[in-house]
Structure formats: C-alpha cells, structure tokens
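Scroll down for the structure; my scribbles are underneath it.
The values are calculated or read from the model by the stated rules, or taken from the named source; none is laboratory data. Everything numeric here is computed off the predicted structure, so don't read it as measured data. Don't worry about glycine lacking a Cβ; one is built from the backbone with ideal geometry, like all the others, and counts go over all protein chains shown. The area values use the complete protein model at the heavy-atom level, side chains included, leaving out ligands, DNA and RNA. Shrake-Rupley method; radii C 1.70, N 1.55, O 1.52, S 1.80 Å.
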Amino acid sequence: VLNDWTQGEPKGWNFLSDDRTVTVSALSFYIHDSLAERKFGNVQEWNARLAERIEESPDRATYMIYLRKGLRWHDPEPSMLEEHPWLKGEHFVTAKDVKFTLDLLRHELTATPLKVYFEEIESVEEIDEHTVRVTWQRGNFYARGSLLESQPIPYHIWAFDPDGNPYGDPDVYAQFGKHWYGK
C-alpha cells in the first residue's frame, strides 16, 4: 500500500502533460517502466529495463536502443475496453512506442514540462520493430539520463481518438494534454 497526498485533485493520470500534480509524477515511476535505470550504488552505470541493451556512441550523441522482445502493454480496465472495444487484443512494446513518445515530448505543440530535456534530439529512427536510433544535436551531460530514464507510452492508445481513428499531424501533439485516455 502506498499512501500519498496531493495539494490538489489530479486532472488525470497523464504523467507527461503539464496538467499533472507532484503525486501523478511520483506515481508514474511505479506505474510506467523506463528504458533503463541507474544502478544502485553506482549512478554512472545502468540496468536495462524495457531495453535489452543500449549502445552509446563515443561522442555520446547517438544511442542505439534494443528493446526486449515479448513485452506487452497491460490492458486498460474492463470498463475502458467496453467503451473502446478497439483497444482489445495484445499490444507489444515496440520501437514505434519509443519513437512516438520521444517525438511527442520534443514537439512544439505538446504541452509538457519535460520538453526541455528532449529538445536537442536531432532525430529518432525506427530501425526495426525492436530497435531505435536516437541522435542528439551534440553529446551532452543530460542526454543519457533523459533518454534512458524516459518512460514510453503506448502508441496504440495515445495516437488515436476515442473511436480508434488516428489523430493527424499536428492534432496528435496539440491534443496530448487533454487526451481522452489521460483522464
């Protein structure tokens, strides 16, 4: 049991949006998994989480992220599945989720306080279903931590409207802070 308090009622559970409270941010670490986490006792080293392994270029500007195979997003609660039947079925964590999240976090229309940590990303490329290449404009001291501690969100939910239709560009970014699933 985790007991916590907040000064205000959360507007939703979207931990990436600017509507979040401190409680929502803190709980996201118990609810969502990151690509990697710092090793206890040596914060310079990392344990893989969603990622099976991560390769860093010598200049620390390019990262190859190899996701674990077979990781599945949990199902939404039953009432959500009844209301949105298109969410039923198995949905695996893929490079598309990582790319979508990073593109979302750095887009000018996305309302998130985390944008500052990702705005120097030059490109995010899906190499294959389980591999992502992230290139920063230049290597910097916060790139590794920002990237490896990032928590991908499911593309199959956040890129779609309540009826299961894909949001177009730029709507997918502009509506993020008030997304139907975030409530």
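General remarks:
- Axis angle, to the nearest 10 degrees, between helix 22-31 and the longest C-alpha principal axis of the chain: 80 degrees.
- Per-atom-type breakdown for the chain gives carbon and sulfur 50% of the accessible area (1.4 Å probe, protein chains only).
- When only the Cβ of Lys, Arg, Asp and Glu is charged (+1, +1, -1, -1), the dipole of the chain relative to its Cα centre reaches about 520 debye.
- Shape class of the range 52-109 from the alpha-carbon gyration tensor: oblate, with a/c at 1.5 or above and b/c at least as large as a/b.
- Taken as Cα centroids, the range 97-133 and the range 161-183 sit 16 Å apart, rounded to the nearest whole angstrom.
- Estimated at the nearest 10 Å², the accessible area of residue 163 is 120 Å² with a 1.4 Å probe.
- Note on the chain: Cα Rg divided by 2.2 N^0.38 Å, N the number of residues, gives 1.04.
- The orientation-averaged shadow of the Cα convex hull for the range 120-159, equal to a quarter of the hull surface, comes to 3.4 nm².
- Taking all protein chains together and a 1.4 Å probe, the residues 33, 169 rank 169, 33 from largest to smallest accessible area.
- Cα-based Lys proximity count in the chain, under 24 Å, for pairs eight or more positions apart or on separate chains: 19
- Dipole magnitude of the range 61-167 about its Cα centre (Cβ charges: Lys, Arg +1; Asp, Glu -1), debye to nearest 20: 520
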